[in-house]
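Any read-out appearing in this document is the output of simple, stated calculations on the displayed coordinates, not a laboratory observation. Worth saying up front: this structure is predicted, and the values here are computed from it rather than measured. Using ideal geometry, Cβ is built from the backbone for each residue, glycine included, and neighbour counts are taken over all protein chains shown.
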Amino acid sequence: MAAHSLTLHQYADNCQIYITTSVSDTSAFVSRFAHCIDNVAVWMSASRLQLNPTKTEVLRLRSNYQVDRIAIQHMPVLSISVKVANTARDLGVYINRSLTMSEHVAAICRAAYFQLSQLCLITHSLTVDAAKLLVQAFITCRLDYCNSLFNGIMDSFCRHLQSVQNVAAWLITGTNRCNHITPVLRELHWLPV
């Protein structure tokens, strides 16, 4: 990777390649990237591994200033051309090209509300402790996963995440939704006293 001026992060079954380039060097970047991917595929083949170009995602991060200055829409990956995506999934986190976290927040809320709707069907037959345990297993863990990435996100996204937590609190305690949520969150020790 160093020979191609690329940065590499490897995980158990995932490899990420990063490069920083200026707008004027984009054609040279595409050539370096394609050559690097070819070298990675050769190394993997020698190690009895295979690079799957159909599972490869290419994401271009950029500032709003550069939105129209880079015209790359596809990147060559071995024998195919991969479309540059607006959003990519990285270790369970959806990252968009502007780093706003909007897709990730939407995915968390969608999955959490689905789980809450399923839990709502059985909470009447659960104890409060059992309901807390299920909410922790299915909801709170989603809110907590990689939550450091939420630092500095827009207030509207924070409100969406907070509404998931509020619904979970109402579900656990059986409190009427017309009641104020702060005492409920304090009762569950989800807010400082």
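Under the 0.36 nm per residue contour assumption, what length would be gained going from the current alpha-carbon distance of ALA106 and ASP25 to full extension?
Gain in length upon complete extension: 25.7 nm.
What does the helix-only formula give at 222 nm for the chain: each DSSP H stretch with n ≥ 4 adding -39500 (n - 2.57), the total divided by the residues, and the result rounded to the nearest 500 deg cm²/dmol?
Rounded to the nearest 500, the figure is -13000 deg cm²/dmol.
Tilt of helix 102-120 relative to the longest C-alpha principal axis of the chain, in degrees (0 to 90, nearest 10)?
Relative to the chain, helix 102-120 is tipped by roughly 40 degrees.
Taking amide H atoms as placed 1.01 Å from N in the peptide plane, list the residues 5 or more away in sequence, or in a different chain, whose amide H sits under 5 Å from that of VAL77.
Correct list: VAL82.
Using only Cα atoms and rounding to the nearest 10 degrees, what angle (0 to 90) does helix 155-173 make with the longest principal axis of the chain?
Roughly 40 degrees between the two axes.
With contacts defined as alpha carbon pairs under 8 Å and 6 or more residues apart, what's the relative contact order of the chain in percent?
Computed value for the chain: 13 percent relative contact order.
Residues of region 13-54 with amide nitrogen under 14 Å from the 7 Å Cα-to-Cβ point of SER81?
Inside the label zone: nothing.
Report, in whole Å, the centroid distance computed from the Cα atoms of region 99-163 and region 24-56.
37 Å
Ordered by residue, what ³J(HN,Hα) values in Hz, to whole numbers, does region 13-28 give under the Karplus form 6.51 cos²θ - 1.76 cosθ + 1.60, where θ = phi - 60° and Gly and Pro are x?
10, 9, 10, 10, 10, 10, 8, 10, 8, 8, 4, 6, 9, 5, 5, 5
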